[in-house]
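Chemist: Below is the structure I would like to discuss, written out as structure tokens.
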Amino acid sequence: MESVLVIGGARSGIAVSKLLKKQGYHVVLTDMKKVDRDGLDGIEIYDEGHPDFLKEKEYAFIVKNPGIPYSAPFVRYFVEKGVPIYTEIEFAYSVAKEFKFGAITGTDGKTTITTLLYEMLKEKDPSAQVAGNIGIPLSEIVLEHAGESLDVALELSNFQLLGTKTFHPSVCAVSNLAPDHLDYMDSLDAYYASKMKIYENCTESDWFIRNVDDPLIMEYAKNIPCRVIDFSLSRQDVDLYVKDGKAMLWDTVLFDVSDLKIVGSFNCGNAMMASCMAYKLGVSLEQIQDVIRSFKGVEHRIEFVKEIDGVRFYNDTKATNTHAACAALSAFDSNVILLCGGKDKHISFDDLKQFDQRIKYCFSFGQTKDQFASIFSRQKSVETMEEALQEAVKIARPGDVVLLSPACSSFDQFKNYEIRGEIFKDLVHSL
């Protein structure tokens with residue numbers, strides 16, 4: 001019996017360990033934290049550290065949690081030894097090749113596109129699934145539905161793509177590219193190039209949606225082996241475009257732009273990419289349009305929280321980089337009281353300067369709080385998000401927007417961006 005080492009016992013590590021065992025492998029699972037052993041009978045577990053003797057064993061391959069860098073000493077040992085290292089996406093795909101995938105990556109917009117696509121796929125077939133970076137391991141879906149033919153909307157981070165070798169979607173898209181994850185990747189070039197792995201195993205019958213408005217995508221999307229669907233919000237000499245208030249794929253109307261409930265031109269683009277992917281996967285135009293009319297957005301992404309005395313509060317905690325915060329700010333014309341800051345990812349905030357006139361005041365918090373003093377004319381540094389909200393409420397007047405759009409990850413003060421957003425919403429509701 002071949003052995004497989006799973007590094008990282010989070011949700012995806014637990015799921016892939018169970019799937020590996022079901023496929024007949026001897027599974028060794030190790031994690032720096034305590035592992036809940038419930039349901040893991042027959043799996044060899046070493047937690048609260050990676051013992052050195054695990055390096056002496058022979059493994060057919062390794063499945064690594066995507067959040068663990070390849071530069072981590074324990075992982076680097078196996079990289080240098082030449083042991084194949086995959087993510088759970090790759091192994092789950094190898095078990096369930098009868099699934100049809102619509103796969104989405106990019107710096108921002110992934111979750112909105114993935115969620116929209118999932119809602120559209122469910123209109124076609126209620127058994128459709130959503131998985132990946134959105135929070136549900138693909139291995140969990142495969143464990144429950146192996147042997148079935150399913151459509152899957154799959155959000156992929158570049159960390160997950162780095163660990164793929166044979167993964168093959170029927171249609172895929174890179175939403176956009178902007179600097180991110182410099183605390184993980186060796187360089188920006190490596191980060192951008194990793195996103196392009198999404199189409200490397202596609203064939204002539206598959207589609208890749210190429211955002212021609214994004215110069216970085218045009219620079220890095222090369223040697224594409226499948227049909228390219230060029231997309232633009234500003235041009236009409238492409239395949240996927242806007243004309244007379246309609247989202248068009250060639251000469252087919254996908255939906256009426258006025259039916260969109262989510263704000264911002266970038267969200268129109270997200271909806272167009274999702275609709276194009278759904279169309280490729282066999283969803284009818286009527287089903288696509290029904291979802292467009294009913295979709296109210298993704299939690300934590302420019303999420304309307306509450307209006308208090310004429311002041312609207314929005315939770316955009318998912319904006320963990322400058323590019324995402326810029327997208328959020330572009331959705332509002334003026335009178336924005338911005339709450340931002342968090343863990344330093346060593347990314348420039350200079351692009352935010354273009355919105356200075358829209359910012360009534362910026363209250364920044366966390367590790368990067370002082371870095372926004374040179375970005376906005378009206379700025380004050382505080383320690384915590386709660387203090388930032390308190391300061392915002394003091395100056396907010398009817399017609400103002402209080403926007404949490406951190407432009408940073410959450411890990412300096414919060415476990416993850418979701419918890420940051422939940423706490424923000426609770427604070428707003430308690431006002």
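Chemist: Whose amide H sits under 5 Å from the amide H of residue 321, counting only residues 5 or more places off or on another chain, with H placed in the peptide plane?
Modeler: Correct list: 407, 408.
Chemist: I've got another one for you. Within 13 Å, Cβ to Cβ, of residue 297, how many net charges do the neighbouring residues add up to if Lys/Arg are +1 and Asp/Glu are -1? Don't jump to the answer; show the numbers that get you there.
Modeler: Numbers: positive: 261, 296, 301, 318; negative: 119, 299, 303, 316.
Within the 13 Å Cβ shell, the charges total 0.
Chemist: Still on this structure, please answer the following. Given the Cα-Cα distance of residue 357 and residue 70 and 0.36 nm per residue of separation, how much length would full extension add, in nm? Before the final figure, lay out each step's value.
Modeler: On the way: separation 287, 0.36 × 287 = 103.32 nm, distance 4.21 nm.
Working it through step by step, the gained length comes to 99.1 nm.
Chemist: Along region 252-258, what does the Karplus equation 6.51 cos²θ - 1.76 cosθ + 1.60 (θ = phi - 60°) give for ³J(HN,Hα), rounded to whole Hz, x for Gly and Pro?
Modeler: Each residue's phi maps through the Karplus curve to give 9, 7, 7, 6, 8, 4, 5 Hz.
Chemist: Moving to a separate point now. If the chain between residue 190 and residue 380 were fully stretched, how many nm would it gain, using 0.36 nm times the residue separation less the Cα-Cα distance? Mind showing how you got there, number by number?
Modeler: Details: separation 190, 0.36 × 190 = 68.40 nm, distance 3.53 nm.
My answer for the length gained is 64.9 nm.
Chemist: What full-extension length gain, to one decimal in nm, is calculated for residue 26 and residue 165 as 0.36 nm per residue of separation minus the Cα-Cα distance? Please list the in-between numbers first.
Modeler: Numbers: separation 139, 0.36 × 139 = 50.04 nm, distance 2.18 nm.
Additional length available on full extension: 47.9 nm.
Chemist: Looking at this model, which pairs from 246/280; 360/415; 97/197; 18/195; 124/165 are more than 20 angstrom apart at the alpha-carbon?
Modeler: Working: 246/280 18 Å; 360/415 30 Å; 97/197 18 Å; 18/195 28 Å; 124/165 30 Å.
Violating the 20 Å Cα-Cα cut-off are 360/415; 18/195; 124/165.
Chemist: Once label points are set 7 Å from the Cα along Cα→Cβ at both residue 294 and residue 243, what is their separation, rounded to one decimal in nm?
Modeler: 3.0 nm
Chemist: Per-residue HN-Hα couplings for region 213-223, Karplus 6.51 cos²θ - 1.76 cosθ + 1.60 at θ = phi - 60°, whole Hz, x for Gly and Pro?
Modeler: So the Karplus estimates, Gly and Pro as x, are 6, 9, x, 5, 5, 5, 6, 9, 7, 10, 6 Hz.
Chemist: Can you give me the long-range amide H partners of residue 210? Hydrogens built in the peptide plane at 1.01 Å from N, cutoff under 5 Å, separation of 5 or more residues or another chain.
Modeler: 229, 230, 231
Chemist: Rounded to the nearest 500 deg cm²/dmol, what is the calculated helix-only ellipticity per residue at 222 nm for the chain, with -39500 (n - 2.57) per DSSP H run of length n ≥ 4? Don't jump to the answer; show the numbers that get you there.
Modeler: Details: 13 runs with 129 residues, N = 431.
Rounded to the nearest 500, it is -9000 deg cm²/dmol.
Chemist: If we count every other residue with Cβ under 13 angstrom of residue 140's Cβ, Lys/Arg +1 and Asp/Glu -1, where does the sum land? Present the calculation step by step, with values, prior to reporting the outcome.
Modeler: Values: positive: 11, 18, 22; negative: 88, 144.
Counting the neighbours of residue 140, the net charge comes to +1.
Chemist: Run the quick spin-label model on residue 422 and residue 250: label points 7 Å from Cα toward the beta carbon, then report their separation in nm to one decimal.
Modeler: 4.6 nm
Chemist: Let me ask you something else. Using the per-residue mean of other Cβ atoms lying within 10 Å as a proxy for protection, in what order, highest first, do the peptides 402-413, 374-385, 39-50 fall? Write down the numbers at each step before the final one.
Modeler: Working: 402-413: 24.6, 374-385: 16.9, 39-50: 13.8.
Packing proxy ranking, top to bottom: 402-413, 374-385, 39-50.
Chemist: Compare the peptides 30-37, 170-177, 259-266 by average per-residue count of other Cβ atoms within 10 angstrom and give them in order, highest first. Spell out each step's value before the answer.
Modeler: Details: 30-37: 15.2, 170-177: 25.4, 259-266: 17.0.
So the peptides 30-37, 170-177, 259-266, ranked by packing, come out 170-177, 259-266, 30-37.
Chemist: What number comes out for the charge environment of residue 87, summing +1 per Lys or Arg and -1 per Asp or Glu over other residues with Cβ under 12 Å away?
Modeler: Details: positive: 64, 165, 197; negative: 88, 90.
Net charge in that neighbourhood comes out at +1.
Chemist: Same structure again: Using label points projected 7 Å from each Cα along Cα→Cβ, tell me how many nm separate residue 415 and residue 284, to one decimal.
Modeler: 4.4 nm
Chemist: OK, next. Using modelled backbone amide H atoms (1.01 Å from N, in-plane), which distant-in-sequence or interchain residues come within less than 5 Å of residue 46's amide H?
Modeler: Residues meeting the criterion, in which the H sits 1.01 Å from N, are 29, 30, 31.
Each value in this text was obtained by applying a stated rule to the coordinates, not by laboratory testing. These figures come from a predicted structure and were not determined experimentally. A quick note on method: Cβ atoms are made from the backbone with ideal geometry, for glycine too, and the neighbour counts reach across all protein chains shown.
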